[in-house]
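Engineer: Dropping the structure in here first, questions after.
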């Protein structure tokens, strides 16, 4: 709601209109004029702020997966965070790349086209050093990667590409596959230079070495799922998931858990001196009788009673009753 004019302001306005200082017709003409907004046809706005925000959410999840999985290969702590996301042309992205550079060309099936992962060269050198048993110290001066070094870093990129499946599940079931690794930007022209792309920048810290990872997502690759790249679809898709499917999945996971089951024959208390002097053939008297049922413990909980016996060549027990929680 606009500000309410005081009586003195109203009197001043009326006085200005009567004296000619304030022209009402000019005000009406200015109000009728439509504001004109410049539109750059070379850089059409194909990625909205909502699209970029959704991509940030996806890659925040991806960053957590990298932080969890890469330490197993690099034997050091790895910290990953999303720095920003922006839309620009493909030529602007490639012109900003250094040479040499690590570029992973990824087939983003079932979507048509590829995406690209750019890893800073200092991170690449540090990862190679860690994989070969070093302290993860990058080179002082950048140089070309050897074939052996590329084969080593390719394994890390393959692991990183596989981790893309989980964050994209709410949008689409993707099966990304690394096609090749390029070190020269001129050989990584996956789309026309004028096409629009989205760049999501991640900051990665491997031990004491910090660098950037850029994920290049062309509009042509994401065009079929652009409607799904919004937070409304994101949360509605999450809510549509059936509670029954979650329950069944949890039950399935619980059923596969291995827990210890102990059949306790009985207990006894002896002195330390008797324990030290135990010899072969000595008898320890338990607090149970031969005909008594055994107590069966699942973990630390008494759950069954049973009778002792044998199954083929192994000792066994036969359950005679189930002990309920209320008992």
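Engineer: What number goes with the only condition from (1) at pLDDT below 85; (2) within 17 Å of residue 50 (Cα to Cα) that residue 258 does not pass?
Structural biologist: The single condition residue 258 does not satisfy is (2).
Engineer: Could you check the range 208-219 and list, in sequence order, the residues that are in contact with a strand residue (DSSP E or B) (Cβ under 8 Å, 6 or more places away or on another chain) and closer than 27 Å to residue 153 by Cα?
Structural biologist: 210, 211, 212, 213, 214, 215, 216, 217, 218
Engineer: Taking the criterion of being surrounded by 20 or more Cβ atoms within 10 Å (Cβ to Cβ), within 20 Å of the chain's Cα centre (by Cα) and not in a helix (DSSP H, G or I), would at least one residue in the range 139-152 satisfy it?
Structural biologist: Looking through the range 139-152, none of the residues is surrounded by 20 or more Cβ atoms within 10 Å (Cβ to Cβ), within 20 Å of the chain's Cα centre (by Cα) and not in a helix (DSSP H, G or I).
Engineer: Could you list, in sequence order, all residues of the range 112-135 that are in contact (Cβ under 8 Å) with a residue 40 or more places away in the chain, surrounded by 20 or more Cβ atoms within 10 Å (Cβ to Cβ) and in contact with a helix residue (DSSP H, G or I) (Cβ under 8 Å, 6 or more places away or on another chain)?
Structural biologist: Scanning the range 112-135 gives 114, 115, 117, 119, 127, 130.
Engineer: Does the range 170-203 hold any residues that are loosely packed, with under 15 Cβ neighbours inside 10 Å and part of a helix (DSSP H, G or I), and which are they?
Structural biologist: Within the range 170-203, 186, 187 qualify.
Engineer: Grab the helices (runs of 4 or more DSSP H) fully contained in the range 19-136, keeping just those with 2 or more residues being modelled with pLDDT of 85 or more.
Structural biologist: Result: 49-69, 71-74, 90-95, 121-131.
Engineer: Another question about this same structure. Does the range 230-249 contain any residue that is assigned to a loop (DSSP other than H, G, I, E, B), out of contact with any helix residue (DSSP H, G or I) (no Cβ under 7 Å at 6 or more places or on another chain), modelled with pLDDT under 90 and exposed (fewer than 14 other Cβ atoms within 10 Å of the Cβ)?
Structural biologist: Yes: one or more hits.
Engineer: Hey, another quick one. Here is a list of conditions, (1) part of a helix (DSSP H, G or I); (2) touching a strand residue (DSSP E or B) at 6+ places or on another chain (Cβ under 8 Å); (3) modelled with pLDDT of 90 or more, and residue 222 meets all of them except one; can you say which number that is?
Structural biologist: (3)
Engineer: In the range 275-323, which strands (runs of 3 or more DSSP E) lie fully inside it and hold 1 or more residues that are without any contact (Cβ under 8 Å) to a residue 12 or more places away in the chain and either exposed (fewer than 13 other Cβ atoms within 10 Å of the Cβ) or in contact with a strand residue (DSSP E or B) (Cβ under 7 Å, 6 or more places away or on another chain) (or both)?
Structural biologist: Those strands (runs of 3 or more DSSP E) span 301-311, 314-322.
The values are calculated or read from the model by the stated rules, or taken from the named source; none is laboratory data. From a predicted model like this one, the values you see are computed outputs, not experimental measurements. Every residue, glycine among them, receives a Cβ derived from its backbone with ideal geometry; neighbour counts consider all protein chains shown.
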